[in-house]
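Worksheet: the structure to be examined is printed underneath.
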Amino acid sequence: MHSLLRAPSELHLDDVDTSATPGFDGGKSEGQAALAAGADRLSELQERLFAASTAGENRRVLLVLQAMDTAGKGGIVRHVVGAVDPQGVQLAAFKKPTPDELAHHFLWRIEQQLPAPGKIGVFDRSHYEDVLIGRVRQLAPADEIEQRYDDIVQFERRLVDSGISIVKVMLHISADEQKARLAERLERPDKHWKYRPGDIDERLLWNDYQRAYELAITRTDADHAPWFIVPADRKWFARLAVQSLLIDALEGIDPQWPVADFDVEVEKARLAAS
């Protein structure tokens, strides 16, 4: 699945089937069963990562989630990342920058939310907003937007060199599926809290956002910080795919249980005598 989801060097989002399930031949029920089975593996690897950090290991994972509204970022957080011990997770949901944040370089606020050693960090939206909505809504001069791509590449290189494994995911939803999900939010009172009138304003710029995503992904994809395009019309598949990518990243780290810094046999004897 890793290689099938990797963003191509020439990305055209219109050519990506948002309802596809690359690398998985089963249907929804099989996908849900696979997700449940994978949760145990993900949880074990996360615990090993956290345990290793108590012995001084510096490795961590950063999952970057980017998507159009309704694509399922929240579902990934609940159903994938939510399967591990919450003590080992560090979540940051980036909203509109505050005046204080705007007074700094655009990556300043991102730096404040990087995961600590042993943690899985999750960015629900991220520094890529500054070259997505920033570009579409012309929130900064064009030459500044151009510079930000290079800034991001250098920033992510530095993160990787510091021990962070980066998994960048675009949840790719179709315009028709987004429309259906927005309609559901309007029909159900229990989902009204998720709806914002501004969602429609952004939807009207759909094509502009697709082009902005293509450019951002192409300019910042790298072997040390790859982009993955995850078809998101089927929520169950998107969750399974992201789980698989996280497991791959953690298996690449292969965190080990720390060796006891005490004499185990002596402690067993002391316990028996207590």
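The values are calculated or read from the model by the stated rules, or taken from the named source; none is laboratory data. Fair warning: this is a prediction, and the values are worked out from it, not measured in the lab. Here the Cβ is made from the backbone with ideal geometry for all residues, glycine too, and neighbour counts use every protein chain on show. Heads up: the accessible areas ignore ligands, DNA and RNA and are worked out on the full protein's heavy atoms, side chains in. Shrake-Rupley method; radii C 1.70, N 1.55, O 1.52, S 1.80 Å.
Remarks
- When ASP190, ASP201, ASP223 are checked against the criterion of being within 24 Å of ILE253 (Cα to Cα) and without any contact (Cβ under 8 Å) to a residue 40 or more places away in the chain, ASP223 stands alone in meeting it.
- Total residues in the stretch 77-99, condition part of a helix (DSSP H, G or I) and of a type in the set (Val, Ile, Thr): 2
- Considering GLN178, GLN243, the condition of being assigned to a helix (DSSP H, G or I), of a type in the set (S, T, N, Q), open to solvent by less than 60 Å² (accessible area, probe 1.4 Å) and in contact with a Gly (Cβ under 6 Å, 6 or more places away or on another chain) is satisfied by GLN243 alone.
- All of SER9, SER29, SER19 fail the test of being out of contact with any Gly (no Cβ under 6 Å at 6 or more places or on another chain), at pLDDT below 95 and among the polar types (S, T, N, Q), apart from SER9.
- Boolean, ARG41 is among the charged types (D, E, K, R), touching a helix residue (DSSP H, G or I) at 6+ places or on another chain (Cβ under 8 Å) and either under 28 Å from ARG219 (Cα atoms) or modelled with pLDDT of 95 or more (or both): yes
- Being over 27 Å from TYR149 (Cβ atoms) and either within 16 Å of the chain's Cα centre (by Cα) or among the β-branched types (Val, Ile, Thr) (or both) is a description that does not apply to ILE217.
- Restricting the first member to the stretch 20-35 and to residues that are outside any helix (DSSP H, G or I), and the second to residues that are modelled with pLDDT under 95 and surrounded by 13 or more Cβ atoms within 10 Å (Cβ to Cβ), the beta-carbon pairs closer than 6 Å and six or more apart or on different chains are GLY23/MET1.
Residue-by-condition table, conditions (1) surrounded by 18 or more Cβ atoms within 10 Å (Cβ to Cβ); (2) closer than 16 Å to ARG219 by Cα:
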site: PHE106; (1), (2): yes, no
site: LEU114; (1), (2): no, no
site: GLY118; (1), (2): yes, no
site: ARG135; (1), (2): yes, yes
site: ASP150; (1), (2): no, yes
site: ALA183; (1), (2): no, no
site: LEU186; (1), (2): no, no
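- Taken over the stretch 71-96, residues that are open to solvent by 50 Å² or more (accessible area, probe 1.4 Å) and either in contact (Cβ under 8 Å) with a residue 40 or more places away in the chain or among the aromatic types (Phe, Trp, Tyr) (or both) amount to 2.
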